[in-house]
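Following: one structure in structure tokens, then a few remarks.
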Amino acid sequence: MSETGQYDVVIVGAGVAGALIAKRLTGAGLKVLVLEAGPGTTRSAADYKNHLETYYAASAKGTESPWPAATAAPQPDGGDLFKDKSLPATSGYFVQKGPHLYGSTYTRTLGGSTLHWLGVSLRMLPEDFEMSSCFGLARDWPIRYETLSPYYDQAEYEMGVSADVADQRYLGLSFSGGYDYPMQRVPLSYSDRVLGAAVNGMPVNMGEESVSVQIRSYPAARNSIPRSGYQPVGALDVNAGGVPRRTYLGERCEGNTACIPICPVQARYNANKSLAQADRHHLTLKTQAVASEILVDNISQAVTAIRYKRYDDPNSTQHSEEIASGRIYILAAHAVENARLMLASGLQSQSKRVGCGLMDHPALYAWGLAPFNVGSFRGPQSTSGIEDFRAGRFRCGHAAFRFDIGNDGWHATTGAPDTTVNDAVLQQKLFGRQLRSHLNDQLSRQVRFSLAVEQLPNLKNRVTVDPSYRDKMGNPRPVIEYEIDDYTFKGMIAARNVAREVFHQAGITDCSRNSEALPFPTAEYEGEKFYYHGMGHFAGTHAMGDKAENSVVDDYQCSWEHPNLYLVGSGSFTTMGTSNPTLTLAALALRTADYIIARMAKGD
Amino acid sequence: MSIQNSRRNAFVALSAVLTGVQKVQLFGTGQTDAYLATLERILPADLLDELLGRFEALAGNDGIEAAVEPQILADTRLGALAQNIILMWYRGVWRRLPDDWRANFGSFPEDENHLISAAAYQAGLQWEIAGAHPIGARHQGYAAWCLVPERPTRRENA
């Protein structure tokens, strides 16, 4: 076993949280080591292109298809969900005990899941931080929107978010005077504008309230037109062979309709863009280094080192054991991986809540045919949403929700256009000019909504480890228990009903017919079967709170028990509201970085 | 004309009728040889020649489309092959022949579902017919998604 040199800070995980913190800490002159479990094949153009070719050549173009896992650092995959006929499902990386399947995945490659995210960068609403005070549910966060607001500003600049602030002042969201996003909003698609013309302002009853529907541009971490003075940030920073080069800025969004799973032109932010800006003189990056144990001093409870397994061949489990030590340790490995590493190290926290309170945004699809050609399958995967059901008194009774409005036809739901072609050729027996005409008509009218529904923290939904389930390196695999509760089911019903009303108003023929043929987990509520999918929004596994008894970290994401240990990421979320978690976890990470810099400056 | 050239010409002529897309556009995908090679790799030569021969016997008729339906697509043996040719051009994939077809007419070791190649994925006619581009490739450019979709010409959709 060999020991690496002494660092000021050791960070586990080079996803968005780890990258942003590494950039800020090295910028302050701190000596930082970043350990990344996966391969570092995202820093040169040649390597990135290989991932793109892997995607093109894949028969099944799922979320992880461009990002195959290393043998030593396995990851969940959408295809895992249907390998087992009964619970526990053990064929994939996760051991799923149910009763419902957790439908989301993540990537263990340099850059993490930002390699395949959509880029939606919504702020959480002020009331999302106060679910107990406002609705008598769950717990309040130990911080308020106002605390995080300046860090939201910073995160939007760090990640390069495109939006017009004038569009984003709704449901209590406020911005500091004179603030605007670093880049102009990504233009709405033609189908967004057609839909907006048909439904904007339509009233929908939600409990005792009447809600006015609006098709709205959402903030997206995709390059558009920079506002004056803003320079987009780049990702590719080495040539083949690893020699540093001037970073490539990525292109403006070119409408590849492939934010998920890979942006071919690097217009959509990924964490390598931040990592590329870290001060190289102060940063040591070790890829293919799987953290396996956190070592703690028995008396002080301070972390003394991180043990990790370093491998050379991504297709082999052959490795050497090494030790990394520093003054401060930051787990930025992912909501599931942070909890897994803590539990694998025997660190449960005083509250016994490490791993507990796992959330997602279980989501339904609604899909239909517009009355005329709306130009489907063009543009970023989506450019707009319906945000009006994210807030309201109705949250006392059921979950809030938001709609993502697709530009990608029925690709995400039925697997169109392939399935549309199959149906026309094999079922309808069409061929020739009639086939061509039919497909032109059908494909160009396809409309899709994703209805992402809020989920509250439930301590029984959790990540644990079990020595009988290990990966090929011998590291314990995440064991997941997950159940969707009535609050979320009622929200799903409300969301589905709103989708139907919007379709009706817009003259869209509702084609949302689920069947076992579609690759979605199911759950039953009041005799009805719901086909849901994960949004990749893992959260709550090391939730923050105002005291050690009911949480794992404080509001700076510092462990209550281990004074030099931070657990960062969406695992720290107390509740998650309806916004996609990346921007909020980025803002929290920047706040933590500032806190650590201040703490170390004081010699603490 | 060599056997290979005549087979290629027959294949493209048949493909144009089956897909409703002109021969010159099919050639423009750059996939003609790859798709013919796929057929040759998976199917016995006599079966492929029978399909192409059946088509050539119909060629020259003004109502070729009307003739292809009963003579080829409705044929219990040749119909599935013709459908697979359509799927190749539209999607870039080979579809495993149906189980009852395999039971009646033979099973071939390479007759399995697969994407023919990364290039075939991008060349699938389905994208252009939709007025779109293959997901993840051949992007249309910044803000092109705002443009009003163009209606297909009457000739194309006749």
Whether any residue in region A:588-595 is part of a strand (DSSP E or B), small (Gly, Ala, Ser), surrounded by 24 or more Cβ atoms within 10 Å (Cβ to Cβ) and at pLDDT 95 or above is what I want to check. no
When A:Gly409 is evaluated against the numbered criteria (1) more than 27 Å from A:Asp485 (Cβ to Cβ); (2) of a type in the set (Gly, Ala, Ser); (3) in contact with a Leu (Cβ under 9 Å, 6 or more places away or on another chain); (4) away from chain B (no Cβ under 14 Å), which criterion, by number, is the only one it fails? (4)
How many residues are over 25 Å from A:Ile323 (Cβ atoms) and in contact with a Lys or Arg (Cβ under 9 Å, 6 or more places away or on another chain) if we restrict to region A:13-44? 1
(1) assigned to a strand (DSSP E or B); (2) touching a Pro at 6+ places or on another chain (Cβ under 6 Å): which one isn't true of A:Leu101, the others all being true? (1)
Looking only at residues in region B:110-120 that are under 20 Å from B:Leu81 (Cβ atoms) and outside any loop (DSSP other than H, G, I, E, B), which one is farthest from the other protein chains (Cβ to nearest Cβ)? B:Ala120
Hey, any hits in region B:140-153 for a residue that's within 10 Å of chain A (Cβ to nearest Cβ), in contact (Cβ under 8 Å) with a residue 60 or more places away in the chain and surrounded by 14 or more Cβ atoms within 10 Å (Cβ to Cβ)? no
Considering only region A:139-172, state which residues are surrounded by 19 or more Cβ atoms within 10 Å (Cβ to Cβ) and either touching a Pro at 6+ places or on another chain (Cβ under 6 Å) or within 25 Å of A:Val213 (Cβ to Cβ) (or both). A:Tyr145, A:Gly160, A:Val161, A:Ser162, A:Ala163, A:Gln168
Helices (runs of 4 or more DSSP H) wholly inside region B:2-106 that include at least 3 residues being within 14 Å of another protein chain (Cβ to nearest Cβ) and under 17 Å from A:Leu435 (Cβ atoms): B:3-19, B:23-28, B:64-68, B:78-91
Suppose we keep only residues that are over 16 Å from the mean Cα position of the chain (by Cα) and of a type in the set (Gly, Ala, Ser) within region B:34-67. Which one would you say is surrounded by the fewest Cβ atoms within 10 Å (Cβ to Cβ)? B:Gly60
Just to be sure I understand the filter: pairs with C-beta atoms under 6 Å, separated by 6 or more residues or on different chains, first member in region B:65-83 and within 20 Å of B:Pro44 (Cα to Cα), second member of a type in the set (Gly, Ala, Ser). Which pairs pass? B:Ile72/B:Ala82; B:Leu73/B:Gly79; B:Leu73/B:Ala82
Of those in region A:77-98 that are in a loop (DSSP other than H, G, I, E, B) and in contact with an Asp or Glu (Cβ under 8 Å, 6 or more places away or on another chain), the residue surrounded by the most Cβ atoms within 10 Å (Cβ to Cβ) is A:Phe94
Helices (runs of 4 or more DSSP H) within region A:416-506 that include 3 or more residues within 14 Å of chain B (Cβ to nearest Cβ) and more than 30 Å from A:Met342 (Cα to Cα): A:418-422, A:432-443
If we ask which residues in region A:189-218 are touching a helix residue (DSSP H, G or I) at 6+ places or on another chain (Cβ under 7 Å) and not acidic (Asp, Glu), their number turns out to be 13
Determine which single condition A:Asp423 fails, assuming it passes every other condition in (1) surrounded by fewer than 24 Cβ atoms within 10 Å (Cβ to Cβ); (2) under 30 Å from A:Arg307 (Cα atoms). (2)
Residue that is surrounded by the most Cβ atoms within 10 Å (Cβ to Cβ) [pool: residues in region A:370-412 that are under 19 Å from the mean Cα position of the chain (by Cα) and part of a loop (DSSP other than H, G, I, E, B)]: A:Pro380
I'd like the full set of residues that are touching a Cys at 6+ places or on another chain (Cβ under 9 Å), surrounded by 24 or more Cβ atoms within 10 Å (Cβ to Cβ) and not in a helix (DSSP H, G or I), limited to region A:107-119. A:Trp117, A:Gly119
With the condition kept exactly as written, say whether any residue in region A:171-190 is over 23 Å from the mean Cα position of the chain (by Cα) and assigned to a helix (DSSP H, G or I). yes
Just wondering, is there one or more residues in region A:50-73 that are assigned to a loop (DSSP other than H, G, I, E, B), surrounded by fewer than 20 Cβ atoms within 10 Å (Cβ to Cβ), touching a residue at least 24 places away in the same chain (Cβ under 8 Å) and of a type outside the set (A, V, I, L, M, F, W, C)? yes
Does A:Pro476 qualify as being free of Cβ contacts under 8 Å to residues at least 40 places away in the same chain, over 21 Å from A:Ala363 (Cα atoms) and of a type outside the set (Phe, Trp, Tyr)? no
Which of the numbered conditions does B:Ala123 fail, given that it passes all the others? Conditions: (1) facing chain A (nearest Cβ under 7 Å); (2) buried (at least 17 other Cβ atoms within 10 Å of the Cβ); (3) modelled with pLDDT of 95 or more. (1)
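The values are calculated or read from the model by the stated rules, or taken from the named source; none is laboratory data. It should be emphasised that the depicted structure is a prediction, and the values quoted were computed from it without experimental measurement. Cβ atoms come from the backbone with ideal geometry, glycine included; neighbour counts cover every protein chain shown.
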